[in-house]
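Note sheet for the following structure.
Throughout, read-outs are computed from the coordinates displayed, never taken from laboratory work. Keep in mind it's a predicted model, so treat the numbers as computed, not measured. Every residue, glycine among them, receives a Cβ derived from its backbone with ideal geometry; neighbour counts consider all protein chains shown.
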Amino acid sequence: MDTKVRAKFMAEVPRVHAQVLARVLILVRGTGFRIRSMTPNEAARDLVQEAVMRALDGRRNWNPEQVPDLDVYLCETVRSIMNAEFRSSAMNTYLYEEDSVELDKVQALAEKTTPEDEHLHREQIRRRVDLILRATQNEKSLLALVEAIMDGCDKPTKVADQLGIPVEEVYNATRKLARRALVLEQQIEEQQQ
């Protein structure tokens, strides 16, 4: 990576890190990918860090002219890392024992889908994550809600416990985020027509 590209890379990483992490977490959860005994959140962080390190040490080259969006580049690098791990014979060391049946399902599904299907699915997920992140409008309480959900809190009571707030505030924040996301989605649809 030349000096100019490296400087741009270093300037862009902090800006896109949260968005990349959110996308990778969805990918990790959707595929059942595990690294040793890490939680999905820890695995996602590890994968994003590995993608950044591969770009910095030259194992993966980012060409901003070919792939202008660094977040897309990093997500595709993570996907490549995950695919290599799934294909490696050492993958069994990365899975929990109880996940081996789930891996069979994921691999069977992967064999049935075309690259176009995968691209469409990734694009739908990316748009949904972008929409949710935009709907927070950088409001701290909504960002905290999204982060708690990404950390694996799947019930309002768990989110409330993690954030140290009453459950009713979680419900209110969830409704607020959903309303904002709906408005944004409608605006996007109107612009496309």
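A few points about this structure:
- Debye intensity ratio in log₁₀ form over the Cα atoms of the stretch 116-161, taken at each q of 0.21 Å⁻¹: -0.76
- Orientation-averaged projection of the stretch 114-193 equals 6.3 nm² [convex hull of Cα atoms, one quarter of hull surface area].
- Couplings 3J(HN,Hα) of the stretch 38-55, computed from phi: 6, 6, x, 5, 5, 5, 4, 4, 5, 5, 5, 4, 5, 4, 5, 4, 5, 5 Hz, in residue order, whole Hz [Karplus 6.51 cos²θ - 1.76 cosθ + 1.60, θ = phi - 60°; x for Gly and Pro].
- Efficiency of FRET from Cβ geometry, His121 and Ser80, R₀ 22 Å, rounded to 0.05: 0.85
- Euclidean distance between Cα centres, the stretch 57-79 to the stretch 7-32, Å: 11
- Note on Ile188 and Arg175: the model spin-label points, each 7 Å out from Cα along the C-beta direction, lie 2.4 nm apart.
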